[in-house]
Amino acid sequence: MYTFKKRKINKQKLLLPIVFIFILFSGFLFINLRDFHFQFDWQWLFSSSELISPIPEDSFEEEIRESLFSIGQELRDLDLSSEKKIIATFSGNLTVLFSKEKDLNFQVASLQFILWRAKIEGKAPYFVDLRFDKPVVKI
(Lines give C-alpha, C1' and ligand atoms only; values in the text may rest on other atoms or scores of the structure.)
Protein backbone atom coordinates (compact mmCIF):
# COMPACT_ATOMS: atom_id res chain seq x y z
CA MET A 1 0.00 0.00 0.00
CA TYR A 2 1.14 3.45 -0.88
CA THR A 3 1.19 6.17 1.83
CA PHE A 4 1.10 9.85 1.17
CA LYS A 5 3.77 11.99 2.71
CA LYS A 6 2.72 15.33 4.06
CA ARG A 7 4.71 18.10 2.53
CA LYS A 8 5.94 20.80 4.82
CA ILE A 9 5.33 24.26 3.47
CA ASN A 10 8.28 26.53 3.86
CA LYS A 11 7.03 29.84 5.29
CA GLN A 12 9.83 31.83 3.69
CA LYS A 13 8.88 30.60 0.24
CA LEU A 14 5.25 31.60 0.88
CA LEU A 15 6.16 35.06 2.19
CA LEU A 16 8.14 36.09 -0.90
CA PRO A 17 5.21 35.91 -3.39
CA ILE A 18 2.92 37.80 -0.98
CA VAL A 19 5.46 40.62 -0.60
CA PHE A 20 5.98 40.71 -4.37
CA ILE A 21 2.21 40.95 -5.03
CA PHE A 22 1.90 43.72 -2.41
CA ILE A 23 4.69 45.75 -4.04
CA LEU A 24 3.13 45.37 -7.49
CA PHE A 25 -0.33 46.35 -6.22
CA SER A 26 0.92 49.44 -4.31
CA GLY A 27 2.96 50.52 -7.37
CA PHE A 28 -0.13 50.17 -9.54
CA LEU A 29 -2.16 52.29 -7.12
CA PHE A 30 0.59 54.91 -6.88
CA ILE A 31 0.85 55.29 -10.66
CA ASN A 32 -2.89 55.40 -11.32
CA LEU A 33 -4.05 57.46 -8.32
CA ARG A 34 -1.29 60.03 -7.89
CA ASP A 35 -3.25 62.72 -9.78
CA PHE A 36 -6.56 61.85 -8.12
CA HIS A 37 -7.75 64.52 -5.67
CA PHE A 38 -10.43 63.33 -3.31
CA GLN A 39 -12.67 66.09 -2.01
CA PHE A 40 -15.76 65.40 0.02
CA ASP A 41 -18.54 67.97 0.14
CA TRP A 42 -19.93 68.15 3.65
CA GLN A 43 -22.51 70.81 2.78
CA TRP A 44 -25.21 68.31 1.92
CA LEU A 45 -24.90 66.91 5.43
CA PHE A 46 -25.62 70.27 7.04
CA SER A 47 -28.06 71.60 4.45
CA SER A 48 -30.95 71.55 6.91
CA SER A 49 -31.84 75.00 8.17
CA GLU A 50 -32.27 73.75 11.73
CA LEU A 51 -29.71 71.65 13.53
CA ILE A 52 -31.04 69.77 16.51
CA SER A 53 -28.77 69.54 19.51
CA PRO A 54 -29.02 66.43 21.70
CA ILE A 55 -28.15 68.57 24.72
CA PRO A 56 -30.94 70.89 25.83
CA GLU A 57 -30.05 74.53 26.19
CA ASP A 58 -29.87 75.93 29.69
CA SER A 59 -32.81 78.04 30.68
CA PHE A 60 -32.27 81.62 31.78
CA GLU A 61 -32.78 80.64 35.42
CA GLU A 62 -30.20 77.83 35.20
CA GLU A 63 -27.65 80.21 33.68
CA ILE A 64 -28.20 82.67 36.53
CA ARG A 65 -27.91 79.95 39.17
CA GLU A 66 -24.64 78.70 37.63
CA SER A 67 -23.13 82.17 37.55
CA LEU A 68 -24.26 82.93 41.13
CA PHE A 69 -22.76 79.65 42.36
CA SER A 70 -19.28 81.21 42.14
CA ILE A 71 -20.11 83.83 44.79
CA GLY A 72 -19.55 81.39 47.60
CA GLN A 73 -22.84 81.89 49.38
CA GLU A 74 -25.85 79.63 49.27
CA LEU A 75 -28.61 80.91 47.02
CA ARG A 76 -31.92 80.62 48.85
CA ASP A 77 -34.40 82.29 46.52
CA LEU A 78 -34.38 83.65 42.98
CA ASP A 79 -37.22 85.89 41.74
CA LEU A 80 -37.40 86.41 37.97
CA SER A 81 -40.97 87.72 37.82
CA SER A 82 -40.05 91.35 37.14
CA GLU A 83 -39.27 92.55 33.60
CA LYS A 84 -36.17 94.58 34.45
CA LYS A 85 -34.71 93.12 37.64
CA ILE A 86 -33.71 89.85 39.25
CA ILE A 87 -33.96 89.50 43.01
CA ALA A 88 -31.62 86.98 44.59
CA THR A 89 -31.64 86.12 48.28
CA PHE A 90 -28.56 84.44 49.75
CA SER A 91 -27.76 82.88 53.08
CA GLY A 92 -26.83 85.40 55.75
CA ASN A 93 -29.84 87.63 54.86
CA LEU A 94 -28.13 89.09 51.78
CA THR A 95 -30.49 90.42 49.11
CA VAL A 96 -29.09 91.38 45.71
CA LEU A 97 -30.86 93.15 42.86
CA PHE A 98 -29.53 92.44 39.36
CA SER A 99 -30.53 94.18 36.15
CA LYS A 100 -31.78 92.05 33.25
CA GLU A 101 -30.62 94.75 30.84
CA LYS A 102 -26.93 94.58 31.81
CA ASP A 103 -24.36 91.79 31.43
CA LEU A 104 -24.95 89.29 34.21
CA ASN A 105 -21.32 88.11 34.38
CA PHE A 106 -20.14 91.69 34.93
CA GLN A 107 -22.69 92.16 37.71
CA VAL A 108 -21.66 88.89 39.40
CA ALA A 109 -18.00 89.97 39.23
CA SER A 110 -18.96 93.29 40.81
CA LEU A 111 -20.85 91.47 43.57
CA GLN A 112 -17.84 89.24 44.23
CA PHE A 113 -15.64 92.32 44.55
CA ILE A 114 -18.13 94.01 46.91
CA LEU A 115 -18.33 90.92 49.13
CA TRP A 116 -14.53 90.57 49.12
CA ARG A 117 -14.09 94.20 50.21
CA ALA A 118 -16.77 93.83 52.89
CA LYS A 119 -15.04 90.73 54.22
CA ILE A 120 -11.74 92.63 54.50
CA GLU A 121 -13.45 95.48 56.32
CA GLY A 122 -15.32 93.06 58.57
CA LYS A 123 -18.77 94.37 57.62
CA ALA A 124 -21.33 92.08 56.01
CA PRO A 125 -23.81 93.81 53.67
CA TYR A 126 -27.47 92.86 53.81
CA PHE A 127 -28.54 94.62 50.57
CA VAL A 128 -26.73 95.20 47.26
CA ASP A 129 -28.34 96.88 44.25
CA LEU A 130 -26.36 96.34 41.03
CA ARG A 131 -28.87 97.93 38.63
CA PHE A 132 -27.05 101.26 38.56
CA ASP A 133 -23.61 102.32 37.36
CA LYS A 134 -22.49 102.73 40.96
CA PRO A 135 -23.84 99.86 43.10
CA VAL A 136 -25.83 100.64 46.23
CA VAL A 137 -24.60 98.70 49.28
CA LYS A 138 -26.34 98.73 52.66
CA ILE A 139 -24.39 97.44 55.63
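The values are calculated or read from the model by the stated rules, or taken from the named source; none is laboratory data. Computed from a predicted model, the values in this text were never measured in an experiment. Methodologically, a virtual Cβ is constructed for each residue, glycine included, from the backbone with ideal geometry; neighbour enumeration extends over all protein chains shown.
Residues that are closer than 16 Å to residue 131 by Cβ, under 28 Å from the mean Cα position of the chain (by Cα) and among the charged types (D, E, K, R) within the range 54-93 comprise just one, 79. Just one residue in the set 26, 67 is closer than 26 Å to residue 139 by Cβ and either acidic (Asp, Glu) or modelled with pLDDT of 80 or more (or both); that residue is 67.
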